[in-house]
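Report on the structure given below.
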Amino acid sequence: MNSVVEPRILQKRPETVDRFGLASTWERADAQWPSHEQRTLVCCRVLDETHDVRTFVFSSEEGQPLSFEPGQFITVSAEIDGQTVSRCYTISSPPTRPYTLSITVKRTPGGVMSNWLHTNMTLGRTLSAFGPAGVFTPSAGPARKALYLSAGSGVTPLMAMTRAAFDLGQDRDVVFVHSARTPDDIIFAKELDALSQMSSAFRVIHVCEAQGEQGGWQGPMGRLSLDLLRARVPDYQEREVFTCGPEGYMDAVRQLLLDGNHDPARYHQESFDFAETIEVVEAAPEEASAQTCFSVRLARSGKTFTIESSQTVLAAARKAGVPLPSSCSQGICGTCKTTVLEGTVEMKHNGGIRPREIDKGLRLMCCSRPTSDLVLDM
Ligand code: FES
């Protein structure tokens with residue numbers, strides 16, 4: 001499970017104090033892009049960040065502003081070698097610059113989508129994407145003092161939060177500790193350093209596992225450790241922690257913070273390790289006996305299919321040849337979020353949907369099983 005902490009109910013604070021953690025700050029009534037809605041994005045810039053990381057900047061096809069929260073992701077899809085491949089990428093640009101949207105992608109050996117993007121995505125090319133989703137956002141843990149911990153391309157959601165805070169003119173007390181393999185692998189190094197020059201409340205610490213080809217790295221060497229945290233961020237226990245990086249890194253960070261008596265309720269993490277897969281095999285239903293069949297109707301398209309009580313809606317739709325948006329198939333990413341207009345389901349998710357969305361009638365189709373006939377808002 002990747003998002004481990006349910007978002008809390010937000011305390012109402014005066015707008016002049018800090019709007020950063022309020023989800024409503026990022027909602028623009030004129031620019032909603034629901035997570036289940038697929039749109040075409042047009043590539044308008046490609047930037048080399050490091051030797052194997054590029055930022056791809058997109059605008060909407062119609063030139064309309066795009067609404068999202070810092071830390072959210074989009075699910076992009078492309079036809080690669082005759083197969084539809086989907087992959088989640090965090091938006092690295094801030095919602096305070098709504099006319100473009102960036103993803104920052106590391107070319108990984110064997111990574112189908114990352115290699116395709118690096119090779120094919122050039123100015124004017126288009127990409128299909130489902131709308132922003134995810135709960136790894138400032139509203140998951142609004143706080144005056146934060147500690148951002150990232151490794152590798154896990155820097156992207158925290159960069160979006162950082163850029164948004166600076167764009168809003170908010171002098172947030174943030175320590176940003178980013179781990180990289182070598183100095184040559186530090187993503188956004190110059191921008192982070194420049195931002196730290198602009199505010200004494202924003203500190204950046206880069207930790208490198210090894211010297212790069214140039215050598216001469218003067219900063220901390222090795223991996224993030226409790227000793228390093230105690231020495232460089234002595235008030236870490238007072239800070240809301242946001243972590244993003246590979247699973248192994250986040251496991252180590254979580255343990256390190258537990259050892260350091262940091263409150264787990266103030267810990268939030270995100271990872272997309274699951275998303276390099278093209279298709280996820282549906283887990284066997286817990287109860288395979290006493291099957292009941294129900295009907296599912298998609299209100300907008302008029303399509304219908306039948307579903308057994310042990311099946312998830314996503315699995316039944318796939319079996320019936322009805323495409324529904326999905327990515328992780330594990331209740332994590334939120335891509336399959338859909339409003340249930342009529343009927344009831346049982347849903348077991350892994351953090352991909354917020355309580356307020358459930359209250360509004362939304363459900364995740366990949367981890368919802370029917371308990372009656374259904375009508376979905378699709
Ligand atoms: Fe990711 Fe359903 S596909 S939550």
Exercise. Would you order Ile353, Ile205 from fewest to most other beta-carbon atoms within 10 Å of each residue's own beta-carbon?
Key: Ile205, Ile353
Quiz item: Once amide H atoms are placed 1.01 Å from N in the peptide plane, what residues at a sequence separation of 5 or more from Phe188, or on another chain, have their amide H within under 5 Å of its amide H?
Solution: none
Practice problem: Could you pull out every one of the lysines with an alpha carbon less than 30 Å from that of Lys319, ignoring same-chain neighbours closer than 8 positions? | Solution: Lys303, Lys337, Lys348, Lys360
Exercise. Please work out how much length the chain gains when fully extended from Gln214 to Thr126, using 0.36 nm per residue of separation minus the C-alpha to C-alpha distance, in nm with one decimal.
Key: 27.9 nm
Quiz item: Percentage of Cα-Cα pair distances in the chain greater than 29 Å, rounded to whole percent?
Solution: 43
Practice problem: Give me the number: length gained by fully extending Gln291 to Gln83, i.e. 0.36 nm times residue separation minus the C-alpha to C-alpha distance, one decimal in nm. | Solution: 71.6 nm
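Every read-out reported here was derived from the displayed coordinates using simple, explicitly stated rules and does not represent laboratory data. Remember, it's a predicted structure, so these values are computed and weren't measured experimentally. Ideal geometry is used to build each Cβ from the backbone, glycine not excepted, and the neighbour counts take in all protein chains shown.
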